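Trainee: After the structure tokens below, expect a handful of questions from me.
The values are calculated or read from the model by the stated rules, or taken from the named source; none is laboratory data. Owing to the predicted nature of the structure, the values given are computational and were not obtained by experimental measurement. Because the Cβ atoms are built from the backbone with ideal geometry, glycine has one as well, and the counts that use them run over all protein chains shown. Side chains included, ligands, DNA and RNA excluded: accessible areas come from the protein's heavy atoms. Shrake-Rupley method; radii C 1.70, N 1.55, O 1.52, S 1.80 Å.
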Amino acid sequence: MRVEEGIEPPYITSAGIVYQRENSSSNPIRDRYVIERLNDKAGKTRDAITQFCQMDYGEEYSLYGNDQTYLELYLFPTPFDHFAFKGFFEPEFFESVAENFFNGIHLTLNDEGTEYKTGLGLKLNSIYTSFDSLIIRSLADEKIGNRGTTIELFRNGNMKFLFPVYHFGLNDVPDEYQDSLLIDYLLDRFSPFEHGKVFSSNKSKLEEYPTYNRKASHFVENIKMVDGHQLALVLTYITKAYEVLLTNNGYDKNNLIGYKAKVSNIWQRMVFLDSEWLLEAIKKYNVSVAPKDDVEFPNFSSGKYLGFKPSEYGGIDVCLEVFEAIGFPRAKSFNFMEVLKTSIENLRNKI
């Protein structure tokens with residue numbers, strides 16, 4: 001039996017035997033001390049992953065507002081801390097990273113002969129070096145010091161991604177969703193048109209008439225829609241950009257890319273998609289509004305992580321996990337390609 005190196009040894013076979021890699025072979029372990037050392041190694045790896053999965057970019061929210069929702073995504077090669085970029089601090093590598101993120105990764109979707117192609121759309125325009133990392137940001141003159149979209153790429157291949165998630169209320173629906181059947185359904189259900197009353201012509205009775213005023217409601221005033229189309233596009237592209245960086249620098253495509261994620265300030269938010277599928281799901285299961293302030297997955301203190309293989313649409317798995325974690329109903333059962341196509345059309349219309 002051959003045992004490949006993992007991050008959480010020791011590994012026990014179905015026969016109850018613990019093996020250890022020794023050069024090119026694997027041999028049973030009978031020494032209790034060796035097993036304890038393997039346990040220590042696993043604990044150190046979990047601690048290292050937990051320590052890595054932290055954001056330290058400041059806590060200033062004033063320019064976005066105190067109710068801003070943030071996505072934190074942590075990506076890393078596996079086994080953890082077993083990869084390194086060559087020439088990380090060389091000018092050529094710096095230039096290649098800048099070109100990769102500034103120009104955006106183009107994703108092409110093919111659906112029955114129709115091609116959908118677009119760029120990242122994050123407007124990343126600043127890159128600089130830190131002690132052991134490169135930091136890529138999206139900076140605007142009026143928000144130069146803001147806690148905005150930030151990517152931090154480390155020498156060992158790890159990457160942190162911070163993204164302020166766009167959300168909107170039913171009182172300020174974006175132009176691209178004005179004709180959405182789901183928006184109409186939510187408004188009609190939670191904020192129906194009020195009826196006025198007027199005396200009939202002979203003044204013998206009151207008659208009702210429709211008005212153009214909708215009834216005020218807690219749902220309309222307080223519940224926000226997380227733009228699932230924007231989130232799907234960003235997650236798909238950022239994972240693709242990361243895959244390209246790794247594989248262009250020698251990373252084995254057969255290895256998983258590990259990830260952990262956190263969505264903060266998600267209370268009273270629901271994922272919105274301009275989708276008939278979601279409309280029918282809400283009619284059947286009711287609206288799904290996040291009851292927690294923050295959601296992290298897997299639990300950050302555990303050191304465990306999720307993973308996906310580098311592929312054309314590897315980031316879809318990440319997106320589905322994020323959607324489900326913040327309350328999207330049965331995320332893995334809908335047509336994700338349809339979501340991406342709508343997302344691309346929305347982005348094209350904004351440019």
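Trainee: Over its Cα atoms, what ratio of radius of gyration to 2.2 N^0.38 Å does region 183-302 give?
Mentor: Details: Rg = 23.5 Å, N = 120, 2.2 N^0.38 = 13.6 Å.
Scaled against compact globular proteins, the figure is 1.73.
Trainee: Related question: What nm distance separates the two modelled labels at Asn103 and Asp67, each placed 7 Å from Cα along Cα→Cβ?
Mentor: If labels sit at Asn103 and Asp67, their model points lie 4.1 nm apart.
Trainee: Test of understanding: what is the full-extension gain from Tyr185 to Ser96, defined as 0.36 nm times their sequence separation minus their Cα-Cα distance? Intermediate values should be presented prior to the final figure.
Mentor: Numbers: separation 89, 0.36 × 89 = 32.04 nm, distance 4.72 nm.
Working it through step by step, the gained length comes to 27.3 nm.
Trainee: Starting from 0.36 nm per residue, how many nanometres of slack lie between Asn249 and His195 once their C-alpha separation is accounted for? The partial results should precede the final answer.
Mentor: Working: separation 54, 0.36 × 54 = 19.44 nm, distance 6.54 nm.
Taking Asn249 through His195 to full extension adds about 12.9 nm, to one decimal.
Trainee: Hey, can you rank 272-280, 157-165 by average C-beta count inside 10 Å, highest first? Don't jump to the answer; show the numbers that get you there.
Mentor: Numbers: 272-280: 18.8, 157-165: 22.0.
By packing density, highest mean first, the sequence is 157-165, 272-280.
Trainee: A follow-up question, please. With every protein chain left in place, what is the accessible area of Thr342 in Å² (1.4 Å probe, nearest 10)?
Mentor: Counting only protein heavy atoms, the figure is 40 Å².
Trainee: Please arrange Arg155, Arg189, Arg269, Arg214 by accessible surface area, largest first, computed with a 1.4 Å probe and ligands excluded.
Mentor: On the way: Arg155 135, Arg189 95, Arg269 15, Arg214 75 Å².
So, going from the largest accessible area down, we get Arg155, Arg189, Arg214, Arg269.
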